[in-house]
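Some notes on the structure that comes next.
The values are calculated or read from the model by the stated rules, or taken from the named source; none is laboratory data. Because the structure is a prediction, the values reported are computed rather than measured. Every residue, glycine among them, receives a Cβ derived from its backbone with ideal geometry; neighbour counts consider all protein chains shown.
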Amino acid sequence: MRPEPSVQPKRLVIVSDAWHPQVNGVVRTLTKLREQMEARGFEVTIISPADYRSAPCPTYPEIRLALTLPHAVKARIEALQPAFVHIATEGPLGIMARRACLRNSWRFTTSFHTRFPEYLRERLPVPLAWTYAFLRRFHNAAETCLVPTQSINDELSARGFKTLKVWTRGVDRKLFRPQPEVDLKLNRPIFLCVGRVAPEKNLEAFLTLELPGTKLVVGDGPSLPELKRKYPDAVFAGKKEGEELARYYAGSDVFVFPSRTDTFGLVLLEAIACGVPVAGYPVPGPKDVIGVSGAGVLSDDLNEAALGALAMGKVDPDDRLRSFSWEACADIFESALTEIVPSREAVARWIGRKRAVPARQPSDL
């Protein structure tokens, strides 16, 4: 009797310039995605700055930029012999991985996580049109570009991005959960903001609100010293993770999300999972999460939104988070994956390039 043939794992390479020890939405998404895909029988390799010598990114020192050469990244991917390649970011590694795929006429997918043009404009006078032109060229070479919300899908489509597909997010419901017994020992009501303390997060829009009780900021970043000096009445708890972070959510009354540039905002789901209503602006991210879940109030007047969310009281996560799960996130990702084998169009382009090269003449030898 012949033995059953062994099932070879489906090899998936994900290239990301954002990875541990960074703490942000991209890293959390890719970490959860890897868990989900491995449970589905994929052999997942993350190529990240952790694999190379790196240098701190200007203005973002906790973000490391890989110091390597394109041929090294190309050789690494080829050695892994993947069936699928996904490029998660548009940084140095992402650019080199994209180049390697195009050189090999491999199909690949990408994802759009960050409104990098708006972040860059906060720091340098770079026109949005220039940065979006680079991103459009980057992502339009992919078979599919995954985007976090329908609002971002519509914005990018209007800017000429092609082959877009909406890719939802999830939340760890075991960690982030209602905990009525939590007492943060601060004056109530407690208005909480969680995230990177940086200019693009628009924290001053929160800290200048006229609200009763306590304004609480959880997170770290380059703007922290200045904001602590300017707003001594607010409580700055610093960076928190895991169970301790979940307690800060559960012990608060309203979650305020002042950012106007996030593409999704995983912290929104974390707050809702803890039963906390959300206040934010009616912009992509909050509009897609709160608009779908109904777990908060959106207004161009953030003070009005915060007081409106307070009046709602605690929300029911089971009722509000039905459409958000890491399983659904992995389902969409898996459906978008495309084997690296060249498409007919890619083969035709490759043949066309070869034919365009003139044959070498004896005089050239």
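Here are some notes:
- Any hit, the range 41-53, residues being over 21 Å from the mean Cα position of the chain (by Cα) and crowded, with 16+ Cβ neighbours inside 10 Å: yes
- Residue in the range 174-194 that is buried (at least 16 other Cβ atoms within 10 Å of the Cβ), within 30 Å of residue 337 (Cβ to Cβ), outside the structural domain of residue 86 (by TED's automatic domain parsing) and within 23 Å of the chain's Cα centre (by Cα) present: yes
- In the range 290-330, residue farthest from residue 206 (Cα to Cα) [restricted to those that are among the β-branched types (Val, Ile, Thr) and part of a helix (DSSP H, G or I)]: 292
- Residue in the range 167-174 that is among the aliphatic types (A, V, I, L, M) and under 30 Å from residue 139 (Cβ atoms) present: yes
- Any hit, the range 343-351, residues being under 22 Å from residue 144 (Cα atoms), part of a loop (DSSP other than H, G, I, E, B) and modelled with pLDDT under 90: yes
- So residue 128, is it touching a helix residue (DSSP H, G or I) at 6+ places or on another chain (Cβ under 6 Å) and at negative phi: yes
- The sole residue among 307, 298 that is assigned by TED's automatic domain parsing to the domain that holds residue 204, closer than 27 Å to residue 118 by Cβ and of a type in the set (A, V, I, L, M, F, W, C) is 298.
- Residue selected from the range 195-228 under the condition β-branched (Val, Ile, Thr) and crowded, with 21+ Cβ neighbours inside 10 Å, by the criterion farthest from residue 251 (Cα to Cα): 197
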